[in-house]
Amino acid sequence: CSRLRQLQALLCEGGSVTPDGILCSLGIDSRYNEGCTELAKYLFYGLYEQNQPNMEHASDDFPEEMLDDVIMLIKAECVHLYCNPLNYSYLLPYVSHWRNLHLYCMTEAE
């Protein structure tokens, strides 16, 4: 939670240039934006680093774009997180304790 709170503190500073939120889209949706990838690595403790052992098994069975199918909107008081059923199980241990989390996850059929 401390890493998320540090980011959210940036949104609470006030002033005329403080953004309403931070949008982080991974993979092809952000054209593999380096900043978004770094933010995900920071929040998820390196889960999205190249050759991460706990993701290797999944990447054998599923295309990379399925694993990268993550969009976050971090606001000062809440977080909106979109994911799919595949990466849900990988992300859950990292986000289950976040306050005011709005989780959007497709079903297996979708």
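The figures follow:
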item: Length gained when the stretch His102-Glu34 is fully extended (0.36 nm per residue, less Cα-Cα span); result: 22.0 nm
item: Listed peptides 17-30, 74-87, 92-105 by packing density, highest first (mean Cβ within 10 Å); result: 74-87, 17-30, 92-105
item: Rough spin-label spacing in nm, given labels placed 7 Å along Cα→Cβ, for Gln6 and Cys78; result: 2.6 nm
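Read-outs throughout are calculated quantities, based only on the coordinates presented, and are distinct from any laboratory measurement. Note that the structure is a prediction, hence the values are computed from the model and not measured. No Cβ is skipped: glycine too gets one built from the backbone with ideal geometry, and neighbour counts run over all protein chains shown.
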